[in-house]
Amino acid sequence: MHRVYLDNNATTPVLPEVFEAMRPFFGERFGNASSIHHHGQETRAAVEDARESVAELLGCTAPEIVFTSGGTESDNLAIAGWVAAGDHVITSSIEHHAVLHACKHLEELGCEVSILPVDGRGLINPEDVRRALRRNTKLISVMMANNETGVLQPIEEIGKIARDAQILFHTDGVQAAAKVRVNVGQIGCDALSISGHKIHAAQGVGALYVKKGTRIQPLFHGGRHERSRRAGTENVPGIVGLGRAAQLAKEALDRDDDEQMAALRDRLEQGILAHVNEAGVNGEGAPRIPNTTNIHFDHIQGESLVIALDLKGLAVSTGAACSSGAIEPSHVLIAMGLGPVQARASIRFSLGKQSSQADIDFALALVPECVARLRTLSPRYTKQAVSL
Ligand code: PLP
């Protein structure tokens with residue numbers, strides 16, 4: 001069966017160039033990067049090259065990069081690494097669970113947490129951040145781009161508020177990195193998380209930018225890896241792949257490939273809206289990363305549409321992969337003011353570097369037809385249609 005994958009915010013395929021860069025490190029170049037002999041030195045050099053590439057993508061220096069096991073660990077390290085009982089943290093209602101649940105855990109340990117609302121477009125108001133500041137505020141953690149809607153947050157303004165108040169600022173850049181230009185100096189953050197598998201590197205590797213001079217408590221205790229910020233033998237193939245993916249992402253952004261991606265996404269979005277009534281974009285009117293659109297198709301269940309499309313070869317999602325299958329509607333869409341029924345009727349389409357015009361044609365041929373078929377099965381929809 002012909003299959004098209006438009007769920008790149010869940011995970012992306014490893015690019016062939018990335019896989020080729022990783023390959024030797026599963027075989028002949030197997031050394032432990034902490035060993036002082038030839039094998040160790042060879043892998044150490046590869047890890048440090050990768051660190052340079054990731055630093056270049058984020059606009060920082062190589063020693064400011066800590067390699068981790070992915071976005072979840074990076075988020076947890078930034079939060080738990082700085083906050084202790086009695087401290088206050090400010091975050092938002094649309095964060096990934098890697099941030100929200102880390103903050104919830106801190107609350108159980110005696111921290112105070114303020115969770116800020118968003119408006120109907122999914123945007124945080126920086127003034128709310130300023131108003132939430134307290135005498136004991138230690139950290140602000142607000143994401144760069146939301147994983148479900150793609151909405152980009154006003155993080156430079158939030159960064160300025162944090163700087164003026166001399167409070168640490170972490171941003172989850174997992175869905176923004178490689179899709180838009182990220183410069184930690186411009187953002188004014190003290191920490192920024194990225195994840196390999198969202199940028200066409202492997203699953204199980206990521207990084208945290210930690211600003212020079214900011215001490216962070218490690219999550220793991222052990223050896224002095226990663227300048228004592230993350231103990232454990234490095235995942236060398238994963239790190240090498242992340243470095244190569246960062247290089248390719250930087251080259252693509254320098255070529256303005258993001259504009260082509262946005263054009264493809266817009267064609268998909270407009271094509272769907274032209275052929276499906278009672279549907280709309282969640283986050284419309286807000287700045288968004290170029291690869292994501294989240295659309296509510298009223299009178300259907302999102303899960304049913306995901307299954308119907310999958311049976312025809314199109315992979316999309318109802319939102320965060322980890323909550324797919326759960327009955328609760330997306331916390332992000334609910335925070336934006338959608339009712340539970342409309343939130344459950346929403347679908348995320350997310351493009352990757354491999355996505356083509358033909359993929360969009362395929363989706364455009366399927367989505368209106370599947371929505372129409374599901375609606376004929378929906379008692380609410382048919383009742384409304386009859387009464388019109
Ligand atoms: N943060 C955001 C915004 C995400 O979208 C994800 C994954 O979906 C994560 C964090 C977690 O990243 P990882 O899957 O690498 O642990």
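Give, rounded to the nearest 20 debye, the magnitude of the charge dipole that the chain has about its Cα centre when Lys and Arg contribute +1 at Cβ and Asp and Glu contribute -1 at Cβ.
In total the dipole reaches around 480 debye.
Taking the Cα atoms only, what angle lies between the long axis of helix 257-275 and the longest principal axis of the chain, rounded to 10 degrees?
That works out to roughly 20 degrees.
Is the shape of the chain rounded, prolate or oblate, going by the alpha carbon gyration tensor and its root eigenvalues a ≥ b ≥ c, with a/c under 1.5 for rounded and a/b larger than b/c for prolate?
oblate
Scan the chain and hand back the longest stretch that contains none of the chymotrypsin sites (Phe, Trp or Tyr not before Pro) lying in DSSP loops with at most 15 other Cβ atoms within 10 Å.
Numbers: sites that count: F30, F220.
Longest stretch, sites excluded: 31-219.
Could you calculate the contour length gain from D49 to A231, that is, 0.36 nm times the residue separation minus the distance between their Cα atoms, to one decimal place in nm?
Fully extending the segment from D49 to A231 adds 63.6 nm.
Please give every one of the lysines within straight-line cross-link reach of K160, meaning a C-alpha to C-alpha distance under 29 Å, and leave out same-chain neighbours fewer than 8 residues apart.
K104, K138, K179, K198, K211, K212, K250
What GluC sites (Glu not before Pro) does region 1-38 have in DSSP loop regions with at most 10 other beta carbons within 10 Å? Present the calculation step by step, with values, prior to reporting the outcome.
Numbers: sites: E17, E20, E28; in loops: E28.
Sparse-neighbourhood loop GluC sites (Glu not before Pro): E28.
How far, in degrees from 0 to 90, does helix 155-165 lean away from the longest principal axis of the Cα atoms of the chain, to the nearest 10?
50 degrees
Please report the spacing between the Cα centers of region 29-53 and region 259-280 in Å, no decimals.
45 Å
Under the rule of at least 5 residues apart or a separate chain, name every residue whose amide H is placed under 5 Å from the amide H of V180.
none
Helix-only mean residue ellipticity at 222 nm, the chain, DSSP H runs n ≥ 4 weighted -39,500 (n - 2.57), per residue, nearest 500. What is it?
Estimated from H runs of four or more residues: -12500 deg cm²/dmol.
If you stretched the chain out fully between R130 and H37, how much longer would it get, using 0.36 nm times the residue separation minus the C-alpha to C-alpha distance?
Working: separation 93, 0.36 × 93 = 33.48 nm, distance 5.24 nm.
Once the chain is fully extended between R130 and H37, it gains 28.2 nm.
Length gain on complete extension for the stretch R224 to K160, per 0.36 nm per residue less the alpha carbon to alpha carbon distance? It would help to have the intermediate numbers written out before the result.
On the way: separation 64, 0.36 × 64 = 23.04 nm, distance 3.31 nm.
Contour length minus Cα-Cα distance gives 19.7 nm.
Quick check for you: with a 1.4 Å probe and neighbouring chains kept, what is the accessible area per residue of region 1-73, in Å²?
With the other protein chains kept in place, region 1-73 gives 48 Å² per residue.
With a 1.4 Å probe and every protein chain kept in, tell me what percent of the accessible surface of the chain is carbon plus sulfur.
54 percent
Nearest 5 percent is fine: what portion of the DSSP beta bridges confined to the chain is antiparallel?
Of all bridge pairs located within the chain, approximately 50 percent are antiparallel.
Roughly how many Å² is the accessible area per residue of region 287-376, as a whole number, for a 1.4 Å probe?
Ligands and nucleic acids excluded, the figure is 37 Å² per residue.
The values are calculated or read from the model by the stated rules, or taken from the named source; none is laboratory data. From a predicted model like this one, the values you see are computed outputs, not experimental measurements. Because the Cβ atoms are built from the backbone with ideal geometry, glycine has one as well, and the counts that use them run over all protein chains shown. When the accessible area is computed, the model is the full protein with side chains, heavy atoms only, and any ligands, DNA or RNA have been set aside. Shrake-Rupley method; radii C 1.70, N 1.55, O 1.52, S 1.80 Å.
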